[in-house]
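These notes are about the structure you will find just below.
The values are calculated or read from the model by the stated rules, or taken from the named source; none is laboratory data. Values in this document were obtained by computation on a predicted structure and should not be read as measured data. Methodologically, a virtual Cβ is constructed for each residue, glycine included, from the backbone with ideal geometry; neighbour enumeration extends over all protein chains shown.
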Amino acid sequence: MAPILILNLVLEFAWCTISLMNKQTPPLRVGFDMDGVLLYNPARIIRPLISIVKKIFLHKKKLKFYYPKTDYEKIFWRFVHKSSIFNASGLSEITRLVKEGKIEAYLITARYNFLGSSVLTWVTKNNLNDTFKGVHFNADDEQPHEFKERMIHKLRLDMYIEDNFDIVEHISKNPKVQIVWIYNILDRHIQFSKKAPTLLKAIERFIIRK
């Protein structure tokens, strides 16, 4: 009986080993901001200055973003968002990683509802419908940091890549999610555990090397 028992144990161990070897690692669930991450936006360089003015001169310590109310303000807002004119270097890497089954990609932008069609148009125009498993814009006009925090939780993301440091500070309070910050030349001195100057560098440092 002993030899048979030993043989069964050996076979069971071998089966478990083979099963573990064949078991695929689930893809990393990664969320990407749009303006300043997927799209290069030259205007983002002034964001640190705006943040300083709000905190020091306007004494606004609580994080709050402006929502355009009138038609004229919304026209101006559309014009401002047109400054996101270039696809960021690294966009093709996202598509490649999705095709290889290494990541599930989600586009999560805080663009308000009146800008939602521009998000969907950009995705279609750049043939990214199969790249992103989900495309989410701020349809209910929530505060951007609260919207992104909610979506990160709802989609159970492993990682989110963001360029606005105020939002980074807010959403990085969740220890279960890795937050990667895309910084610019004016705020590069700020210390943060996971940061990169561009989308491509962020992918190379924190996704491909994982």
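Brief remarks on what is shown
- Flag set for TYR40, criterion: among the aromatic types (Phe, Trp, Tyr), surrounded by 12 or more Cβ atoms within 10 Å (Cβ to Cβ) and modelled with pLDDT of 85 or more.
- The one condition in (1) without any contact (Cβ under 8 Å) to a residue 12 or more places away in the chain; (2) within 23 Å of ARG156 (Cβ to Cβ); (3) assigned to a helix (DSSP H, G or I) that HIS145 fails to fulfil: (1)
- Selection count where residues are within 15 Å of LEU39 (Cβ to Cβ), not in a helix (DSSP H, G or I) and not hydroxyl-bearing (Ser, Thr, Tyr), scope segment 114-142: 5
- Close pairs (9 angstrom Cβ cut-off, 6 or more residues apart or separate chains): under 15 Å from SER118 (Cβ atoms) in segment 66-77, of a type in the set (Phe, Trp, Tyr) anywhere: PRO68/PHE76; PRO68/TRP77; PRO68/TYR112; PRO68/PHE114; LYS74/TYR112; LYS74/PHE114; TRP77/TYR112; TRP77/PHE114
- Complete set of residues in segment 184-198 that are out of contact with any Phe, Trp or Tyr (no Cβ under 7 Å at 6 or more places or on another chain) and outside any loop (DSSP other than H, G, I, E, B): ALA196
- Segment 174-200 - residue that is of a type outside the set (Asp, Glu) and touching a residue at least 40 places away in the same chain (Cβ under 8 Å) and, of those, nearest to HIS153 (Cα to Cα): ILE182
- Qualifying position, being out of contact with any Asp or Glu (no Cβ under 8 Å at 6 or more places or on another chain) and modelled with pLDDT of 95 or more, among GLU162, GLU149: GLU149
- Residue list for segment 85-113, filter: farther than 14 Å from ASP130 by Cα and in a helix (DSSP H, G or I): ASN113
- Every residue from segment 43-81 that is loosely packed, with under 12 Cβ neighbours inside 10 Å, modelled with pLDDT of 60 or more and part of a loop (DSSP other than H, G, I, E, B): LYS61, LYS62, TYR66, LYS69, THR70
- Among the residues of this structure, ILE203 counts as one that is in a helix (DSSP H, G or I), within 13 Å of the chain's Cα centre (by Cα), more than 30 Å from ASP71 (Cα to Cα) and modelled with pLDDT of 95 or more.
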